[in-house]
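Report on one structure; see the data block that follows.
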Amino acid sequence: MSNHSVLAYCRPGYESDTANELTTRYGEAGCFGYPVSKKNQGFVHYHLYDATQLEACITQFAVNDSIFPRQLIAVFSTMADIEKEDRVGQILDALSSVEKPFSVFGAIDVEYPDTEDGKTLAKFCRKFTVPLRQALRKANWLTAKENKGKPKLHIFFESFECCHIGYTLPSHASHDHLGICRLKFPSDAPSRSTLKLEDALVNMLDEKQQAKVLRSGGRAVDLGACPGGWTYQLVKRGMYVEAIDNGLVADSLMSTGLVEHHAADGFTYRPQFGRVDLLVCDMIEQPDRVAKLMGDWLIKHWATHAIFNLKLPMKQRYETVVEAMTLLNDRLNALEDAFAVKVRHLYHDRDEVTVTIVRTSTDEV
Ligand SMILES: C[S@@+](CC[C@H](N)C(=O)[O-])C[C@H]1O[C@@H](n2cnc3c(N)ncnc32)[C@H](O)[C@@H]1O
């Protein structure tokens, strides 16, 4: 069945936020459509009114420049009644009846929703990949060897009976299976929150930005630092950290000699030496208050760069993020300095998004 939609993977429970984001952003770009999703299913379809806009849609923005999607796939075929016998043959039949979007694909991923139900499909998908890949190579849909520079074919099994077939472009996609970057918890870190900051550092900053923001010997302030998972990431990279929180910072961090603990209010604390390279903040506070505070630090040059969480315990999460970030971006845009701003709902985030702001127009050290 021909079916032209963008399929977005997201954290289960974030379907309506993802749907709102896609409808707003694709609508602004003139790619009109409507979202379809069910609560907690871990994905959303954005169906296009005009099927010829599929490529325009998928190239509007990269996954990494969106907030809630983990992956964005251009779906060009859906199979709704797959039978148990010869699934490979049925997929090849379905593909033979559609217009090939590219002459050849460089790789294939067989995927499933990141939910409890989805887990029952995981083993099947893994096993199914091998024969399907071989058959697609024979049928000239896939290059003989994996080629990461070419579009990737995705077969997304919603259930054993229903799958969606689509593609991603390497320039716009997540390169992780299911759009999920799993990180190993470092056994000496004081809290699991450490993975949120690590996820942001490796997935939201490119290598140049990482080198700029995380200078060994540089200084950072961590607002709402305890027990120290974020401070741990900074100390690991050789930074001096002013850790601000009324709670206790893990002894293992204090003993490095790189951490100064101040039992103070993060909203009134100011850096010891007038400025720092990096401000990080994981305080549980209203998003607009945090965004305002981050703006103050960047505008007054108390910090060159900032990485922070906006906590989202409310229902209208997309709207809340847009509102807080619009106010902050307006303030930053009024400055002479330029900033690279990203907002992502990372795999290791919970009810929150992570924001990275890198000052790009200055060699400030
Ligand atoms: C989610 S925890 C931070 C976890 C930390 N990032 C880690 O990785 O271990 C939030 C922290 O913010 C602190 N906090 C909340 N409001 C604060 C404020 N106004 N000033 C300083 N710390 C605050 C809390 O005491 C709490 O320890």
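Worth pointing out:
- Take each peptide in 91-97, 318-324, count the other Cβ atoms within 10 Å of every residue, and average; sorted highest first, the result is 318-324, 91-97.
- Positive-end residue of Val130, Pro186, His172, charge dipole of the chain with Cβ unit charges: Val130
- For the range 212-346, the fraction of alpha-carbon pairs lying more than 20 Å apart is 45 percent, rounded to a whole number.
- Convex hull volume per residue in cubic angstrom - Cα atoms of the chain: 145 Å³
- Mean projection area, nm², convex hull over Cα of the range 186-283: 5.8 nm²
- When only the Cβ of Lys, Arg, Asp and Glu is charged (+1, +1, -1, -1), the dipole of the range 194-359 relative to its Cα centre reaches about 300 debye.
- Beta bridge orientation in the range 2-179: antiparallel %, DSSP, nearest 5: 80 percent
- In a simple Cβ point-charge model (Lys, Arg +1; Asp, Glu -1; nothing else charged), the chain has a dipole of about 900 debye relative to its Cα centre.
- Net +/- balance of residues flanking Cys162 in space, Cβ distance below 15 Å, scoring K and R +1, D and E -1: -3
- Computed on the Cα trace of the range 39-150, the radius of gyration divided by the Kirkwood hydrodynamic radius gives Rg/Rh = 0.95.
- Packing here is the average count of other Cβ atoms within 10 Å per residue, and on that basis the peptides 49-55, 293-299, 70-76, highest first, run 70-76, 293-299, 49-55.
- Folded to 0 to 90 degrees: helix 287-299 orientation relative to the chain principal axis, Cα: 60 degrees
- About the centre of its Cα atoms, the range 2-179 shows a dipole size close to 700 debye [charges on the beta carbon of Lys, Arg (+1) and Asp, Glu (-1) only; nearest 20 debye].
- Residue-normalised accessible area of the range 194-359, given per residue in Å² at a 1.4 Å probe: 41 Å²
- Of the cross-linked pairs Lys100/Lys145; Lys38/Lys208; Lys123/Lys196; Lys148/Lys212; Lys39/Lys127, those separated by over 30 Å at the C-alpha level are Lys38/Lys208.
- Å² of accessible area per residue within the range 2-179, as computed with a 1.4 Å probe and no ligands counted: 45 Å²
- For the chain, calculated [θ]222 nm from helices alone, where every DSSP H run of n ≥ 4 adds -39500 (n - 2.57): -9500 deg cm²/dmol
The values are calculated or read from the model by the stated rules, or taken from the named source; none is laboratory data. The model shown is predicted, which means the values in this text are computed figures rather than measured ones. Quick reminder, even Gly has a Cβ in these numbers, built from the backbone with ideal geometry, and neighbours come from all protein chains shown. Surface accessibility is based on the protein's heavy atoms, side chains included, excluding ligands, DNA and RNA. Shrake-Rupley method; radii C 1.70, N 1.55, O 1.52, S 1.80 Å.
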